[in-house]
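Reviewing the structure listed below.
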Amino acid sequence: MSVDLRRVGSLMLLLMLWQAVAITADSPLLPDPVAVVARMVADSVTGELPYHLGATLARVAASFVLAFAIGAAIGVMMGRYRAIDRVFDGWLIFFLNLPALVTIILAYVWLGLGEVAAIAAVAINKIPNVAATLREGARTLDGDLAAVAKVYGMGRWRTLRHVVAPQLVPFALAAVRTGLALIWKIVLVVELLGRSNGVGFQIHMHFQMFDVTGLLAYALAFILVVQAIELFILGPVEARLVQWR
Amino acid sequence: MSSGAEDGLAVTVRDKRFGARQVIADLTFRAAPGEFVALVGPSGCGKSTLLNILAGLDPAFEGSVQAPPGRLGMVFQAPRLLPWRSVADNLLLVDPPGGAAAVEDILAAVGLAGRGASWPNHLSLGMQRRVAVARAFAVNPAVLLMDEPFVSLDADLAGSLRDLLRALLAQRPTTVVFVTHDVAEARDLADRILYLAPSPTRVEREEVIMNRSIKEKQAAARTRSG
Ligand SMILES: Nc1ncnc2c1ncn2[C@@H]1O[C@H](COP(=O)(O)OP(=O)(O)OP(=O)(O)O)[C@@H](O)[C@H]1O
Ligand SMILES: [Mg+2]
């Protein structure tokens, strides 16, 4: 986890640019970075920002786990069994191309403006993505290694854990990465449209009051959390899983 | 070797096809318990296909396979190790009767003492082959199928692995089917050699080598007299 100096440099450049434009514009509609950070700190102290961030994180976690479990099961089945693949391939294409907004609105209409609808809407948006990725992985499973497992009587669970799962790891990691990026964004829309807490809700509130500083404070906090998860959770997990390479 | 053949390995492959192409036709052989049968035949004639059938990996054929009770050990033509598990874990995952201690012993026996923690892809091909041989030995198999296990190893190493195989077989009765291109190797190890002819594969000729137990008695007699 070495700090990439070029990346730090390019971020500094962005901040400086922002600062310069803010000074030139001199408008409450474009606060400078210092004001935004100050607001982030102030809202953190009152507990408001952590509360909304927490609500969003909980939704991301719940819908992510749900989408991943269901999507992986569907994808692996489709990758392993021709017949299932043929039946559901059309469905997959349909759901892959269904706009997220449509799913969200339909979930709220059909299930009511509640937490279940919110999480279901996000999960449904993500499931086809996970399924398509893991189907690719399941299609490329190595039959030679399956033969080894069979000859040596490894049994179902052991085979799944030590022979099959490691082959799916790169595909699962790809699904996690693209999945999180997608889910973060959809959760915000879900919150904006039908929840009364979370980062999406707060951004909506600040938008209605033209409070750009507050809006940017939440956006920045959100980006920082996403990056932290990437850096401190996903990165190390991935490094551990592929250390044999 | 004449008695008890019904407890050994009995194979009949009347018809084996890949698509429309017949690969094996009317091939029958038996191996008595503890017998060592070598299969020698040209490349592509269906030796690996036959071993897969023997191992129960390929049910798509016409015929029957009868195997004695007990575990199966198989050395495939390629090492086929799990690259994401250490060498020792590759052996432990096949549940060797002796556990971790047996794994260390068998690794030492194939000349890989202390390499248990290595990743398989950090080993040379010859070393990976030896791990695959160790894996097959580790389960104390009743039937041992080996597909050119000592190819691409230098002569000394191949010789010492042959000695190890002999020592193992002396300890416990194991029925062995051993595929090789090397007739000298087959004569050195086997009780009987089946020469296979291709397209479709059948047994062309059989060569009975002097029984191993007789060979051993003679060797023992020589050491006594000499
Ligand atoms: N899965 C398969 N699908 C189609 N054809 C196959 C398949 N496996 C083997 N064959 C064909 O069957 C024949 C026998 O192959 P096999 O691998 O058993 O030969 P072999 O005697 O082991 O050769 P070698 O000594 O080179 O290892 C070959 O002509 C091969 O092309
Ligand atoms: Mg072969």
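Scan region B:123-140 and give yes if some residue there is of a type outside the set (D, E, K, R), out of contact with any Ser or Thr (no Cβ under 9 Å at 6 or more places or on another chain) and surrounded by fewer than 18 Cβ atoms within 10 Å (Cβ to Cβ), otherwise no.
Scanning region B:123-140 turns up at least one residue that is of a type outside the set (D, E, K, R), out of contact with any Ser or Thr (no Cβ under 9 Å at 6 or more places or on another chain) and surrounded by fewer than 18 Cβ atoms within 10 Å (Cβ to Cβ).
Could you grab me the full set of residues in region B:29-49 that are out of contact with any Leu (no Cβ under 8 Å at 6 or more places or on another chain) and within 10 Å of ligand 2 (Cβ to nearest atom)?
Within region B:29-49, B:SER43, B:GLY44, B:SER48, B:THR49 meet the criteria.
Under the condition of being without any contact (Cβ under 8 Å) to a residue 40 or more places away in the chain and among the basic types (Lys, Arg), which residue from region A:1-57 is least open to solvent (accessible area, probe 1.4 Å)?
A:ARG7
Of all the helices (runs of 4 or more DSSP H) wholly in region A:34-119, which have at least 2 residues that are closer than 20 Å to A:ILE223 by Cβ?
Ranges flagged: A:48-80.
Take region B:55-77 and flag every residue that is open to solvent by less than 50 Å² (accessible area, probe 1.4 Å), within 11 Å of chain A (Cβ to nearest Cβ) and more than 24 Å from B:ALA20 (Cβ to Cβ).
Of everything in region B:55-77, those that are open to solvent by less than 50 Å² (accessible area, probe 1.4 Å), within 11 Å of chain A (Cβ to nearest Cβ) and more than 24 Å from B:ALA20 (Cβ to Cβ) turn out to be B:ALA55, B:GLY56, B:LEU72, B:GLY73, B:MET74, B:VAL75, B:PHE76.
The conditions are (1) open to solvent by 60 Å² or more (accessible area, probe 1.4 Å); (2) out of contact with any Ser or Thr (no Cβ under 6 Å at 6 or more places or on another chain), and B:MET146 fails exactly one of them. Which is it?
For B:MET146, the failing item is (1).
Which residues, counting only those in region B:78-90, are farther than 14 Å from A:LYS150 by Cα, more than 8 Å from chain A (Cβ to nearest Cβ) and within 17 Å of the chain's Cα centre (by Cα)?
B:PRO79
The values are calculated or read from the model by the stated rules, or taken from the named source; none is laboratory data. Values in this document were obtained by computation on a predicted structure and should not be read as measured data. Please note: Cβ atoms are built from the backbone with ideal geometry, for glycine as well, and neighbour counts cover all protein chains shown. Only protein heavy atoms, including side chains, enter the accessible area calculation; ligands, DNA and RNA are left aside. Shrake-Rupley method; radii C 1.70, N 1.55, O 1.52, S 1.80 Å.
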